[in-house]
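Report on the following structure.
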Amino acid sequence: MAEHPEHPAYPVGLRLSGRRVVVFGGGQVAQRRLPALIAAGADVTLISPSATPSVEAMAEAGEITWVKRRYEEGDIADAWYALVATSDPVANAAASAEAERTKTWCVRSDDAEAATAWTPATGRSEGVTVAVLTGHDPRRSAAVRDAIVEGLRDGSIAAPQHRSRTSFVALVGGGPGDPDLITVRGRRLLAEADVVIADRLGPRDLLDELPPHVEVIDAAKIPYGRFMAQEAINNALIEHAKAGKSVVRLKGGDPFVFGRGMEEAQALAAEGIACTVVPGISSSISVPGAAGIPVTHRGVAHEFTVVSGHVAPDDPRSLVDWASLAKLTGTLVILMGVDKIGKIAEALVAHGKDPETPLALIQEGTTATQRRVDATLATVAETVEAEEVRPPAVIVIGPVVGEGPDKLVK
């Protein structure tokens, strides 16, 4: 029965866990809809003579039952919900008619007017499901859905929990510097924090978005200048966590890539405090990419190695095997090595690396002040001085330096 134009659809959430759902057609529509039905715990039967590779993989994994044939009368028996999405209009009409007779809610991908149910544009964010219906304008539904979900995730839509919420401690990787490169989960946790302990290399612009009540603690570790001792950072995390506050430790890059994240997690664990680790986009990969340098490239580099350069090769504290690195043919990425790059280059050449090996230094990568300076192992020491390259900068060594396009859109 066609819906009266003045009567809007009645929104409802179906609880399909353990209940039979029948899907007709194994094409692109089924591929999009099946994951949500599986996530809802539905007992899904797919009836279709063929399926896309992704749908076939769901059947092979036991997530759905696949009956390899066309629709037959009686297929909807005992079903709570049906999705009709075959390429055969006659079969679609027959399945839809059976659903009408058996009073089974039925979605039709080929004829929304003939359906008894419509699939809304759906999104989820931390226990909230957003479902949007705009009649016959699916693109608008998706746009509204996306705007609401993004607002919930980044905190721009205020939706505080009125039931008591559990405080948390999270070590959040903020990415290489551009605030848009933090993960969705990291941004959401920031929006829920009471206290943020932030590094200088974290995405500082995100701090301006925090509500006025949020306490921001500067844990900046400025090279050769003021710094907050690691022990003090650990103590601040513990103190605020024990006070029942939600605490985010906002770090640059990824917490576990030269970020001392594990030291902080261990300090919390020693006090019986659990923490969530939110991985971040590491500058070791993202900054070269933003500067047009692929760390791997077919026929050029089959591996890349990331090392810390904060200790010179001749320093007894160094744990890096520079002799072995010099023998590798792939890409070498050095973090925190601007002031030591002269000695590093000397060590690599002394152990057999070609002095003419190309090298690039990317300063303030992914930010508005990003700049790239090119050199070779032989010239890098004088180039850094002449060009006044300063940290933070990522150093890339290897033939991939010359492989990028001339211009990239940022």
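The table below lists the values:
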{"quantity": "Leading residue by the ranking (farthest from LEU335 (Cα to Cα)) among those in the range 231-269 that are assigned to a loop (DSSP other than H, G, I, E, B) and charged (D, E, K, R)", "calculated": "LYS245"}
{"quantity": "Tally of residues being under 25 Å from ARG15 (Cα atoms) and touching a residue at least 12 places away in the same chain (Cβ under 8 Å) across the range 87-108", "calculated": "12"}
{"quantity": "Residue selected from the range 335-346 under the condition in a loop (DSSP other than H, G, I, E, B) and in contact with a Ser or Thr (Cβ under 9 Å, 6 or more places away or on another chain), by the criterion most open to solvent (accessible area, probe 1.4 Å)", "calculated": "MET336"}
{"quantity": "Candidate set: the range 73-93, residues that are open to solvent by 40 Å² or more (accessible area, probe 1.4 Å) and among the aliphatic types (A, V, I, L, M); chosen: the one farthest from SER50 (Cα to Cα)", "calculated": "ALA77"}
{"quantity": "Identity of the residue in the range 277-307, part of a loop (DSSP other than H, G, I, E, B) and of a type in the set (A, V, I, L, M, F, W, C), that ends up nearest to ASP178 (Cα to Cα)", "calculated": "ILE281"}
{"quantity": "Matching entry among ARG15, ARG70, ARG19 (being of a type in the set (D, E, K, R) and either touching a residue at least 40 places away in the same chain (Cβ under 8 Å) or buried (at least 21 other Cβ atoms within 10 Å of the Cβ) (or both))", "calculated": "ARG19"}
{"quantity": "Residue in the range 54-75 that is assigned to a strand (DSSP E or B) and among the hydroxyl-bearing types (Ser, Thr, Tyr) present", "calculated": "yes"}
{"quantity": "Any hit, the range 155-177, residues being closer than 26 Å to ILE281 by Cα, in a helix (DSSP H, G or I), modelled with pLDDT under 90 and open to solvent by 50 Å² or more (accessible area, probe 1.4 Å)", "calculated": "no"}
{"quantity": "Extreme residue, modelled with the highest pLDDT, among residues of the range 388-409 that are more than 14 Å from GLY342 (Cα to Cα) and charged (D, E, K, R)", "calculated": "GLU403"}
{"quantity": "Complete set of residues in the range 258-285 that are among the aliphatic types (A, V, I, L, M) and touching a residue at least 60 places away in the same chain (Cβ under 8 Å)", "calculated": "ALA265, LEU268, ILE273, ALA274, VAL277, VAL278, ILE281"}
{"quantity": "Residue in the range 111-125 that is in a strand (DSSP E or B) and modelled with pLDDT of 90 or more present", "calculated": "no"}
{"quantity": "Residue satisfying all of: in the range 241-253; surrounded by fewer than 24 Cβ atoms within 10 Å (Cβ to Cβ) and in contact (Cβ under 8 Å) with a residue 60 or more places away in the chain; farthest from ILE182 (Cα to Cα) among these", "calculated": "GLY244"}
{"quantity": "Residue in the range 315-334 that is in a loop (DSSP other than H, G, I, E, B), modelled with pLDDT of 95 or more and open to solvent by less than 10 Å² (accessible area, probe 1.4 Å) present", "calculated": "yes"}
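For (1) of a type outside the set (A, V, I, L, M, F, W, C); (2) modelled with pLDDT of 95 or more, each residue gets a yes or a no:
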site	(1), (2)
VAL29	no, no
ARG32	yes, no
LEU46	no, yes
VAL67	no, yes
GLU73	yes, yes
ALA94	no, yes
ALA97	no, yes
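The values are calculated or read from the model by the stated rules, or taken from the named source; none is laboratory data. In this text, all values refer to a predicted model and were calculated from it rather than measured experimentally. When we count neighbours, we look across all protein chains shown, and the Cβ atoms used for this are built from the backbone with ideal geometry, even at glycine. Accessible surface is based on the protein model in full, side chains and every heavy atom, while ligands, DNA and RNA are left aside. Shrake-Rupley method; radii C 1.70, N 1.55, O 1.52, S 1.80 Å.
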